[in-house]
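Taking it in order: structure first as structure tokens, then the write-up.
The values are calculated or read from the model by the stated rules, or taken from the named source; none is laboratory data. All values derive from a computational prediction rather than experimental measurement. Neighbour counts are summed over all protein chains in view; Cβ atoms, including those assigned to glycine, are modelled from backbone coordinates with ideal geometry. For accessibility, only protein heavy atoms count, side chains too; no ligands or nucleic acids. Shrake-Rupley method; radii C 1.70, N 1.55, O 1.52, S 1.80 Å.
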Amino acid sequence: TLDPDFKEKGLRKYTYFYKMGVLDTLYGLHENRDAILKAKEIILFEGAKSVMLASTYGIQNCVAVLTSHLNPF
């Protein structure tokens, strides 16, 4: 939401409509695949903004799970 009063209104700042285990999306995987393979490691973040911020620092071997927990998959 872009509403500046989202907390007072009980709104969520960010909403991901599909969670891991439902769609199994890793945000940034397509864009960062080559860097991940080259580094032979992957950095998992909770949210997409962290992947974008890491990119500004030149860190390309990361993805976001778009949820606050990881499941076995």
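Brief remarks on what is shown
- Members of the range 24-43 found to be surrounded by 11 or more Cβ atoms within 10 Å (Cβ to Cβ) and under 10 Å from Val63 (Cα atoms), listed by number: Thr25, Leu26, Tyr27, Gly28, Leu29, Glu31, Asn32, Arg33, Ile36, Ile42, Ile43
- Of all the criteria given as (1) assigned to a strand (DSSP E or B); (2) at positive phi, the one not satisfied by Gly58 is (1).
- Residue in the range 51-73 that is nearest to Thr15 (Cα to Cα), counting only those that are open to solvent by less than 80 Å² (accessible area, probe 1.4 Å), modelled with pLDDT under 95 and out of contact with any Leu (no Cβ under 9 Å at 6 or more places or on another chain): Thr67
- Taken over the range 28-73, the criterion of being of a type in the set (Gly, Ala, Ser) and over 13 Å from the mean Cα position of the chain (by Cα) is satisfied by Ala35, Ala39, Gly58.
- Residues of the range 34-50 satisfying the condition of being among the charged types (D, E, K, R), modelled with pLDDT under 95 and not in a helix (DSSP H, G or I): Glu46
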